[in-house]
Amino acid sequence: MSKAWENVVTMPVKGRSSKPREKGLTMVIDKHMGLYRLQDLIRIAGEYIDVVKLTFGTSAFYSGDLLREKNRLLTEAGIDVMPGGTFCEVAVWQRKLEAYLARARELEFSAVEISDGTIDMDLDTRKATIGKALEAGFKVYTEVGKKDPKEAISLEETHRLIREDTAAGAFNVIIEAREAGKGVGIFDKDGKIKQDDMEDIIAGVDDLDSIMWEAPIKNQQQALIMRCGINVNLGNIPPDEVLALEALRQGVRGDTLKQAYLADKDWTV
């Protein structure tokens, strides 16, 4: 289908990746979307969504039939869908991982998130969990970081987990920031990026396309796009903010438009 402004206005920032994407991923956080709202979201913004996460343990409160219908809508639209990593942590803690993965397959999830943001998981258990999820046929996203800032892991450990998870077969490694994007990871209590912390993580990553930054707030998204480029992977995007994020990526929102405008030395009226 042609775009509404096709052949009239072109996107100021070029190079946006298209689906199925290996980079430039947008992960939407879903706390309670119903089927009608989901259908509207897919129709309007599905082209710009790569994965939907039914965050925390929210998927536990759906009926099986409703959850399967919801997951089917997403996968048929070319969007991966996964339960939240916290729920997987519960399964690991209760020694129910195999049953969890089997039920996730039955419920038609296409991906899983593996994290230890709340529980403690040693490296061998983490690697084995990734391996079992891959064997079960899932695309695997992992998450690095603790939800409680008092338990924050070291930079060295962050880099080690990114390397180990990627080597174990994780499709993407998510940098923890929680759904609020404040006081955790690379964000301070007001949601502003701690530049040195961001740069320290970047300095130890061989392939930036292998990591995803949780960034639910506009100023965070803008800063990461300006630093890492149009095709930075961004997660925990609220459903209503998908097109606003895409506008930032492609330069049709004031902040990134100005950068493209100032870079155009040949511009004339």
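Things worth noting here:
- Of all DSSP beta bridges confined to region 26-263, the antiparallel ones make up roughly 5%.
- Residues in region 204-243 that a label on residue 180 would reach, taking backbone N under 14 Å of a point 7 Å out along Cα→Cβ: 216-217
- Neighbour cut-off at most 15 other Cβ (10 Å), DSSP loop, GluC sites (Glu not before Pro), region 1-100: 6, 22
- Sparsely packed trypsin sites (Lys or Arg not before Pro) within region 172-202, loop by DSSP, other Cβ within 10 Å at most 12: 189, 194
- Point-to-point label distance, residue 108-residue 259, nm (Cα→Cβ direction, 7 Å offset): 3.9 nm
- Farthest toward positive dipole pole in region 26-263 [+1 Lys/Arg, -1 Asp/Glu at C-beta], among 222, 77, 149: 77
- Qualifying trypsin sites (Lys or Arg not before Pro) for region 1-59 [loop in DSSP, other Cβ within 10 Å: at most 10]: 3, 14
- For region 177-269, the number of Lys pairs separated by eight or more positions or lying on different chains, with C-alpha atoms closer than 23 Å, is 8.
- Anchor residue 127: lysines whose Cα lies under 27 Å away (excluding residues fewer than 8 positions away in-chain): 23, 53, 96, 139, 146, 147, 150
- Going by neighbour counts of Cβ atoms within 10 Å, the residues 18, 210, 115 line up, fewest first, as 18, 210, 115.
- Think of region 1-144 as a dipole: +1 on every Lys or Arg Cβ, -1 on every Asp or Glu Cβ, centred on the Cα centre; then among 36, 109, 1, 1 lies furthest on the positive end.
- Placing pseudo-labels 7 Å out from each Cα toward the beta carbon at residue 244 and residue 196 gives an inter-label distance of 3.1 nm.
All of the numbers you see were taken from the coordinates with simple rules; none came from a lab. All of these numbers come straight from a predicted model, not from anything done at the bench. Positions of Cβ are backbone-derived with ideal geometry, glycine not excepted, and every protein chain shown enters the neighbour counts.
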